[in-house]
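Read the structure below first, then the notes.
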Amino acid sequence: MNSQTNDVLVVGAYGLIGYGISKRLISEGYSVTGLGRNMQVARRVLPDIPWIEHDIRTLCEEAQWRQIIREFSTVVNCSGALQDGPEDDLEAIHHDAVAALAAACCAENVALIQISAVGANPQATTSFLASKGRGDAAIRAAGGKWLILRPGLVLASNAYGGTTMLRMLAAFPWIQPISTPDAKIQTVSLDDVASTVVAATEGQIPNGLDLDLVEPEAHSLREILSQMRQWLGFSPAICEIALPNFCVFAVAKLADALSWLGWRSPLRTTALKVLSEGVLAKPADLRRFGMSQISTLPQTLRRMPVGAQDRLFARMALLAPVIIACLCFFWLTSGVVGIARVNEAALVLEGVGWPHGLAVTSVLFWAVVDIAIAAAFAFRKYAYHACWAAVGVSLFYLLASTITVPSLWVDPLGPLVKVVPSIILALVARAALEAR
C-alpha cells in the first residue's frame, strides 16, 4: 500500500487478532496507535502504545472517522463481535461503522486493511457473517486504497473466542465430547495473518484485493481437537462422545441467554453454527506477492510454544463457568435459607444474649447481602467485585462468629470451617475471570 509514514491505527487492537497484528507492526518499526472501548483492558494488554478511546458502535458517521484517521497512513480494522448482545451490535460494528470508516479513508487517502472472516457474505446464514459481508461490500463500494483479508480459524499462542472453545474441549479428561466431528475447517496462524498485514502495509500486495487466508488442506473438527490435545500435552481421549443435537442446542441457547448478562461464551449459537457448517475457502496464492504460503495446522502448532500455563488456562476455561455457577448457587442459597428460617438462625444469636429483634434484623440484613453477592456473580460486569465482596463478607463472618459464637468452630456440621473453601474458590474465580 506504500504509505508515506509509519503511523498505523489498529481498530480493536486488544483483541486476539488485533494484538498479534499490533505486536508485529511494532516489531517492524511502525508507530502503532490502538482504538478500543475498554481502556482498562487495552492498557493492560498493550501498555506501551497510545490509545484512542471510542466505542465503534457509535462511530457510524464519516466525519467522526475523518477526525480520527487523518494523522495515520494506514488503518487496520480488527474490530468484530460474534453475536448481538448488551455490548455488541453486529450491524453497527460490522457494517455501519465500517462503511463510514471506508468513506473516511477514501476521502483522507488513508489505506484501509479490513480483517473480515471466511464465508463473509451478505447472504450468509448467520448474522455474524452476513453483517461482515455487508461491511466488506461497503469497503469495495467506497473506493480508495483497500484490502480485505478473510482468515479462517485463527490459531495463536494466546486464546480468545473460538480458540478458547477448542482448548476447553481439548481439556476434558479421559473423554472427548464433540459435536459435528466431521465438520471441515481450515486454519491460519496469527503470525501468517500479521505477516500479510505487514506485507500489505509495505506495498507488496496491491490494493483492491480480497484474500482468503487459510491453509491448503481442510481438517475435521475431530482431527483438530486431537492435535490440540497433543499440542497442549494432554493424554489422548479414551473415547469420543458425540453430543446429540438437542444437547448442543440447549447449551447454545443457555450461552445465548447468559450473553445478556454479559457472559460472552464461545459456546453461543453463532460459533457452533459456523463450526458445524465448516470454515472453508480457496487459499490465496501469496507466493505471487513474494510471500510464503499459509502454514498448515501441524506447522502452526509446532511453531507455537506451549507450557504448563497453557494447560492451566485450558483447564481453567473449562472450569470457570462451573466455579461461577457454584459461587452464585452458594451465596443465593445462603441468603434464601437465612430469610426462610430467620427465627431458627436468630436463636443462635439469642443464645449468647442478643435481643430477639436485633438478632432477626442481623440475620435478615446478612441474608440480603448474600443474595446481592449472588446477583453480582450472575452479571459479568460485576463478577470481579463479587469475588472481593465474597471474600470480605466471609472474613467478616469468621471474625464476628469467632467473637460472638466461638462454639460454631466445633459444631459437628462445621459451618465456619466450610467458609474457608468458599474464600479460596472466590479467589480462584477472580483469577479465572481474566479474559485477555
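The values are calculated or read from the model by the stated rules, or taken from the named source; none is laboratory data. It should be emphasised that the depicted structure is a prediction, and the values quoted were computed from it without experimental measurement. Glycine also receives a Cβ, built like all others from the backbone with ideal geometry; neighbour counts cover every protein chain displayed. Please note that ligands, DNA and RNA were not included when accessible areas were found on the heavy atoms of the full protein model with its side chains. Shrake-Rupley method; radii C 1.70, N 1.55, O 1.52, S 1.80 Å.
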Starting from the residue with the highest accessible area, list PHE128, PHE172 in decreasing order, probe 1.4 Å. PHE172, PHE128
The chain: radius of gyration and largest Cα-Cα distance (Dmax), Å: 25.6, 87
Restricting to bridges with both residues inside the chain, how much of the DSSP beta-bridge set is antiparallel, in percent to the nearest 5? 10
How tilted is helix 380-404 with respect to the longest principal axis of the chain? Cα atoms for both, answer in degrees (0 to 90, nearest 10). 20
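Hey, what did the chain get for relative contact order, percent, Cα under 8 Å, at least 6 apart?
13
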Magnitude of the Cβ-charge dipole of segment 163-224, K/R +1 and D/E -1, about the Cα centre, nearest 20 debye? 360
Compute the relative contact order of segment 224-286 as a whole-number percentage, counting only Cα pairs closer than 8 Å that sit 6 or more residues apart in sequence. 19
Going toward the positive end of the dipole of segment 65-182, with +1 on Lys and Arg Cβ and -1 on Asp and Glu Cβ, which of GLY152, THR164, ALA124 do you reach last? GLY152
Nothing charged except the Cβ atoms of Lys and Arg (+1) and of Asp and Glu (-1): what's the magnitude of the dipole of the chain about its Cα centre? Round to the nearest 20 debye. 580
Summed over the other residues with a beta carbon less than 15 angstrom from that of THR333, with K and R at +1 and D and E at -1, the charge totals +1
Which links in LYS23/LYS273; LYS253/LYS381; LYS253/LYS282; LYS132/LYS184 stretch past 26 Å when you go from one Cα to the other? LYS23/LYS273; LYS253/LYS282
Among LEU286, PHE249, CYS239, whose Cα lies farthest out toward the positive end of the dipole of segment 237-294, if unit charges sit on the beta carbon of Lys, Arg (+1) and Asp, Glu (-1)? LEU286
Gap in Å between the Cα centre of segment 227-277 and the Cα centre of segment 91-129? 28
Which residue, chosen from LEU82, PHE330, ALA376, occupies the Cα position most advanced towards the positive end of the dipole of the chain, where the dipole is computed from +1 (Lys, Arg) and -1 (Asp, Glu) charges on Cβ about the Cα centre? PHE330
Radius 15 Å from Cβ of ALA104, net charge of other residues (Lys, Arg +1; Asp, Glu -1): -2
Directionally averaged projected area (convex hull, Cα atoms, segment 60-192), nm²: 9.8
In nm, to one decimal, how far is the modelled label at LEU427 from the one at LEU413, with both set 7 Å along Cα→Cβ? 2.7
Would you mind telling me the share, in percent, of accessible area of segment 170-281 contributed by carbon and sulfur at probe 1.4 angstrom? 63
For segment 320-351 and segment 3-73, what is the centre-to-centre distance using only Cα atoms, to the nearest Å? 46
